[in-house]
Amino acid sequence: MSENNFKNDKTTHETFTQEEFMIMKEDLLRPVQHWGFWGKVWIAFLVVICMLGVYAYYIQETKSKYVTVSLRDYTMWGVYISNFVFFVALSLIGVLMSAVLKLTNFQWYRPLSRIAEIIAVAAIMLAGVSIVAAMGRPERLYHLVIHGRIQSPIVWDIIVILTYVTASTILLFIPLIPSLSTCKNHLTNKPKWQMKMYEIFSFGWEGSPEQWKILKKSVKILTVLVIPLGVSIHTVTAWLFATTLRAEWDSTNFGAYFVSGAFLLGVAGMIVAVFVFRKAYNLEKYLTEMHFDKLGKALVLMACIYGYFNINEYLVPAYKMSGLHANHLLDLFTGEDSHFYWLVVVFGIALPAILPLIPAMRKPLPLTILAFFVVIAGWFKRYLIVIPGLAHPYLPIQDVPDSWRHYSPSLIEMTIVAATFAAMLLIVTLFSRFFPIISVWEVAEGKLEGKDEIINYK
Amino acid sequence: MKVYKYFLIICASIILAPAITFAQDKEAKITLNFEVVDSQKVCKALVVSEALPVKELSIKFYVKRLFSLLPIGEATTDENGSASLEFPTDIPGGETGNLTVIAKITEDENYMDTETTHDIKWGVIVKEDPNLSHQRSLWGSRSDAPIYFMVASDLIILAIWGTLIYIVFQVFKMKRISSLNKK
């Protein structure tokens, strides 16, 4: 079989080992080669939701924001900003699942790294979209660039998001180059433009030792770079709140609290994504039960760390119950937001810290169900950070219409939020339909004994 | 019932309209004078209608501010048609101390709405504090950012973007290697 495929001069520099080639040919190119009926239905469904979101945004921008959106003088940041924080948190998945595991020499990251990176890129893009939706008028983004002050956390946020999008995209792209070459050589019955795309973006990849050397070096530099970048992007997001004068956000704990929450959300998101890809694309051979076992343990660790920061964040001020904090803390513990708050504590922190300690809970299905709840609780957690914080300012709210005191998102806002989710899933789905979602050479390299073997392979 | 009420109101308005219009038909003219009496600043509005002073007419005084008018008081004209108001001494008047004072007749039964404007340098002179306004600070404008802040952030941005650009060059280097090999 190998002789047939190594027939011309060009493919004598074929980058992959025999074993790797087999894996690829049999399994990993299949989702790219055959989209299937349900695959197309899923994409159509996501496109429809996205279009609904675009229409909702059109209504928001053409009619006054006061007609379409329930944001007011007090709660001026609503679901758009909590959605933004959620997406920024989710984008840290790339840092944890790809960079941290890679640098600490954990080998099980290998089939997960590309899934994590595409989710990171998609999430951070939609975080940017959420911010623009919250701004009300899109040209304000341009004004921020033209008139923004470097002293302002909003400007830091724009800079760091832009940098992180770029770094994550490059980190996604560089390990993709050998896979693109594979797609170019082995995919059949694909449109001309698609083949041309593989041709252009594989950058003349031949798998020569020099090329491998450059590729590995670049990936290593980026992997190191992306960790401080990821931590700073979420810390700056936390500072957007911590530098604003509200009792709930007045905390030195905020940066670490946000980053730890992001890691928990990242692991949970990863579990759900791995489960879906495993089932939908029949990748059980690569995304094994071992991965769920490891991810389940990681979930416990992250939930414990996040729980620790939550205790610092809520119970320490609650012990003192100073006037300023009592206002919103009592509202969260026993008041109108308490149902939300305790559900988030249980599903978002307590259960993921305890349940995966039981080995049976680290099996794919139960762990995925748990992780799904953690992701939903993660979204509401961000909602609870943003909205009750705004609804309890230092000066009491007086003499205003009752609707200004309480915020509940309008249909327009929820449609736009739903569309951001659909858009994120659409980016990830389309990516997995054009490129192999598992980095073949990284998996194969892990199976080989040493690096030299693959670098010098011809 | 509602329709009936509206009908009545409209009829009444039509009947009363000439009366109201006629009643407010009189024109009055306000002249503003500024005097200092016993070191007290007094603003006097003299109201004349048809060459006669107008008695017992309420005059409202304002000072023009950036977005709207600041009410400073109200006075009623005496038998000479003069309404006096003790002028506040603490109104900021910018770098020149100039204030634009406005006297108004509004919603009077007999006289039409009218107003007069007059400039007077009775404002407190406000000098910009150079220490505050052009100090490099975290709260300063875009151009007044602290030097250390700009240098630190520029260095971080340059270091990270420099690395990213270096890596993009590496990708092109891979392509160059491939074309060299082909040759």
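Computed from the coordinates by the stated procedures, all read-outs in this text should not be read as laboratory data. What you see is a predicted model; the values in this text were computed from it and never measured. When we count neighbours, we look across all protein chains shown, and the Cβ atoms used for this are built from the backbone with ideal geometry, even at glycine.
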Pull up all non-local amide H partners of B:F34: gap of 5 or more, or a different chain, and H-to-H distance under 5 Å with H placed in the peptide plane.
B:K44
Efficiency of FRET from Cβ geometry, B:V151 and A:I200, R₀ 41 Å, rounded to 0.05:
0.55
How high is the relative contact order of the stretch A:79-194? Use alpha-carbon pairs under 8 Å, at least six apart in sequence, and give a whole percent.
28
Tell me the relative contact order for chain A as a rounded percent, counting alpha carbon contacts under 8 Å between residues six or more apart.
33
Taking the Cβ of each residue in B:V171, B:V3, A:V88 as the centre, tally the other Cβ atoms inside 10 Å and list the residues starting with the fewest.
B:V3, B:V171, A:V88
If one computes the Cα centroid of the stretch A:384-439 and of the stretch A:273-313, what distance in Å separates the two points?
24
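Shielding by partners for A:193-205, please: the mean number of other protein chain Cβ atoms within 10 Å of each residue's Cβ.
Mean partner-chain Cβ count within 10 Å for A:193-205: 2.
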With each run of n ≥ 4 DSSP H residues scored as -39500 (n - 2.57), what mean residue ellipticity at 222 nm is computed for chain B after dividing by its residue count and rounding to the nearest 500 deg cm²/dmol?
-11500 deg cm²/dmol
The answer for B:V124, listing residues at least 5 apart or on another chain whose modeled amide H is closer than 5 Å to its amide H, is B:I91, B:G93
May I ask you to derive the FRET efficiency for A:H339 and A:L395 from their Cβ-Cβ distance with R0 = 45 Å, giving the value to the nearest 0.05?
0.95
Work out the charge dipole of chain A with +1 on the Cβ of Lys and Arg and -1 on the Cβ of Asp and Glu about the Cα centre, then indicate which of A:T223, A:I438, A:L355 is farthest towards its positive end.
A:I438
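Per residue of A:395-408, what is the mean number of Cβ atoms on other protein chains within 10 angstrom of that residue's Cβ?
Taking the mean over all residues of the peptide, I get 0.
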Given the candidates A:A391, A:V374, A:G323, the one whose Cα lies deepest towards the positive end of the charge dipole of the stretch A:246-393, counting +1 at each Lys or Arg C-beta and -1 at each Asp or Glu C-beta, is A:V374
Residue exposure sequence - B:H118, A:H234, A:H147 - by fewest surrounding Cβ within 10 Å
A:H147, B:H118, A:H234
Cα-Cα longer than 24 Å, checked against A:K192/B:K175; A:K196/A:K279; B:K41/B:K104; B:K5/B:K104; A:K184/A:K220; A:K192/A:K217, kept in input order, equals A:K196/A:K279; B:K5/B:K104; A:K184/A:K220; A:K192/A:K217
Sort A:S91, B:S153 so that the residue with the fewest other Cβ atoms within 10 Å of its own Cβ comes first and the one with the most comes last.
B:S153, A:S91
Gap separating the Cα centres of the stretch A:177-218 and the stretch A:129-155, nearest whole Å:
38
Along the stretch A:331-340, Karplus-curve 3J(HN,Hα) (6.51, -1.76, 1.60; θ = phi - 60°) to the nearest Hz, with x for Gly and Pro, reads 4, 6, 6, 10, x, 6, 9, 5, 4, 4
For Cα pairs less than 8 Å apart in space and 6+ apart in sequence, what is the mean separation divided by the residue count of the stretch B:26-120, i.e. the relative contact order in percent?
29
A correct Karplus calculation of ³J(HN,Hα) over the stretch A:177-189, with 6.51 cos²θ - 1.76 cosθ + 1.60, θ = phi - 60°, whole Hz and x for Gly and Pro, returns 4, x, 5, 5, 4, 5, 4, 4, 7, 10, 7, 10, 6
Is there a simple number for the mean count of other chain Cβ atoms within 10 Å of the Cβ of residues in A:144-152, and what is it?
4
Would you tally the net charge around A:P352, using a Cβ to Cβ cut-off of less than 14 Å, leaving A:P352 out, and scoring K and R as +1, D and E as -1?
+3
List the aspartates and glutamates whose alpha-carbon lies under 13 Å from that of A:K65, not counting same-chain residues fewer than 8 positions away?
A:D73, A:E413
Each residue of the stretch A:138-154 in turn: what ³J(HN,Hα) in whole Hz from Karplus with 6.51, -1.76, 1.60 and θ = phi - 60°, glycine and Pro shown as x?
x, 5, 5, 4, 5, 4, 4, 6, 6, 10, x, 9, 5, 6, 8, x, 4
